[in-house]
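This report refers to the structure that appears directly beneath it.
The values are calculated or read from the model by the stated rules, or taken from the named source; none is laboratory data. Just so it is clear, the structure is predicted and the values come from calculations on it, not from any experiment. Positions of Cβ are generated from backbone atoms using ideal geometry, with glycine treated the same way; all protein chains shown enter the neighbour counts. Note: accessible area is taken over every heavy atom of the protein model, side chains too, but ligands, DNA and RNA are not part of it. Shrake-Rupley method; radii C 1.70, N 1.55, O 1.52, S 1.80 Å.
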Amino acid sequence: MSIVVLQLPSVKRKNETRPKKCPYCSGETFQRWGKVSKPVRDNRYRSVQVYRYRCCHCRRTFRHYPTGVDRADQTQRMRKLAAICWMLGMSLRGVELVLPAFGVRLSHMSVWRDIQEQAKQLGKRRHWQGVRVLGLDGAYVQGWGKKQPVLVAVDLGSGQPVALGYVNEHDPRAVRRFLEPLVKRLGVSVIVTDDLASYRVVAEKLDVEQQICQFHLRRWVGRSLYELRETVPKQWHWVLDEVKALLDELPPEGSKRLFELWKQIPERRVGQSGTRSPLEQLRYLLIRLSEHWASYRVFDWQKEVPWTNNGTEQAIGRMKMRSRTVRGYKSWPGMQAALMLSGSALSW
Ligand SMILES: [Zn+2]
């Protein structure tokens, strides 16, 4: 998980250095061509000095801005501050209300634009960093009038979200469309997920290792064992105990052992009603766990693979909190960018 670093860019009143390159032709010699006072929105300065230069090569003129200033009227420091306030949990209106304490007034729409700009910058930086272990989890975020299913992909090395899409996690084809470009672009070799069939299918197709979140696994297996204890004949209760012990310890040979247990339980035809008998249910549980065993214990032999999907769930928690305050901001790309930013552990 990243460390919280709230470092704001510095802003200079005027530029002490001369430009190095012409922005048009990359020429390297200039004449000073006057100076202007540029009004800015900043917590320290009302205006900054901007020199204009003329390129001796192409003869075009351009402005050479001091550190922390560009064409925008807000300084880079203020844009970042607005985005950080929002990431820390304020609503857009809340940021609008708090910034005057720094001597700056911004409309909530400007704040919204600042947030999206920061998200884009963060996205660019992430684009080039490879991701070895990717956490995936579905969630619902408040969209336009209704809850929308989304799929979130998180770099479990850094704890940062890398992608967010309108994808139903139960649909293997949609999951594959979402995941395939990520796997190729980022070089993903392990995914961490819940125990859903859709992820299993896609992991196989894309040839990546899959680690099942142990919290999720233990929850559903624990529930199944609890129910079976009520229904399975007493003479088979030792099997339930052994399954629980195997799950607790996750030994490498667990798959083989579960398969042996499966063979010991007599097979019975499904009754005419079509429902499985309790013993049949137990057999099904044994064979399923045996077949999937490898995906429960990837963390044991692959470096830096966590045994739960906790990092992904945390990022989603942060996004959900924020999605309530960005309802109504029209475009999906804008909302997506903002949610990506809010899902990040704070670091700049
Ligand atoms: Zn030039």
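Here are the numbers for this structure:
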| read-out | value |
| --- | --- |
| Shape call, the chain: gyration tensor on alpha carbons, a/c limit 1.5 | prolate |
| Derived scalar couplings ³J(HN,Hα) [the stretch 168-173; Karplus, 6.51 cos²θ - 1.76 cosθ + 1.60; whole Hz; x for Gly, Pro] | 8, 5, 7, 9, x, 5 |
| The stretch 250-344 - percent of accessible surface contributed by carbon and sulfur, probe 1.4 Å | 51 percent |
| If the convex hull is drawn through the Cα atoms of the stretch 136-196, its volume per residue in Å³ | 92 Å³ |
| Angle in degrees between helix 76-87 and the longest Cα principal axis of the chain, rounded to the nearest 10 | 30 degrees |
| At most 14 other Cβ within 10 Å, DSSP loop - chymotrypsin sites (Phe, Trp or Tyr not before Pro), the stretch 248-303 | Trp301 |
| Spatially close lysines, pair count over the stretch 3-149: Cα under 13 Å, gap of eight or more or interchain | 4 |
| Magnitude of the charge dipole, the chain, Cβ model with Lys/Arg +1 and Asp/Glu -1, debye to 20 | 2900 debye |
| Amide H contacts under 5 Å for Asp137, placed H, 5+ residues apart | Val152 |
| On Cα atoms only, tilt of 254-264 relative to the major axis of the chain in degrees | 30 degrees |
| Set of aspartates and glutamates near Lys303 by C-alpha distance (under 16 Å), chain-local residues within fewer than 8 positions excluded | Asp155, Glu209 |
| Relative contact order (%) - the stretch 1-129, alpha-carbon pairs under 8 angstrom, separation at least six | 22 percent |
| Under 22 Å from Lys205, Cα to Cα: lysines that are on another chain or at least 8 residues apart | Lys184 |
| Of the trypsin sites (Lys or Arg not before Pro) in the stretch 87-164, those whose Cβ has at most 13 other Cβ within 10 Å and which sit in DSSP loop | Arg105, Lys146 |
| 5 angstrom amide H check on Val162, placed H, neighbours 5+ away | Ala153, Val154, Asp155 |
| Cα centroid separation - the stretch 185-235 against the stretch 258-322, whole Å | 4 Å |
| Candidates per chymotrypsin sites (Phe, Trp or Tyr not before Pro) in the stretch 28-133, loop by DSSP, up to 16 other Cβ within 10 Å | Trp128 |
| Dipole axis of the chain (+1 Lys, Arg; -1 Asp, Glu on Cβ), positive-most option in His292, Cys213, Gly123 | Gly123 |
| Nearest-ten-degree value, helix 310-323 long axis tilted from longest Cα axis of the chain | 50 degrees |
| Which of Gln160, Gly94, Ala337, positive extreme of dipole for the chain (C-beta unit charges) | Gly94 |
| Accessible area per residue in Å² at 1.4 Å probe, computed on the chain | 54 Å² |
| Amide H contacts of Arg41 (H built 1.01 Å from N, under 5 Å, at least 5 apart or other chain) | Gln74, Thr75 |
| Point-charge dipole on Cβ atoms (K/R +1, D/E -1) for the stretch 105-238, about Cα centre, debye to 20 | 360 debye |
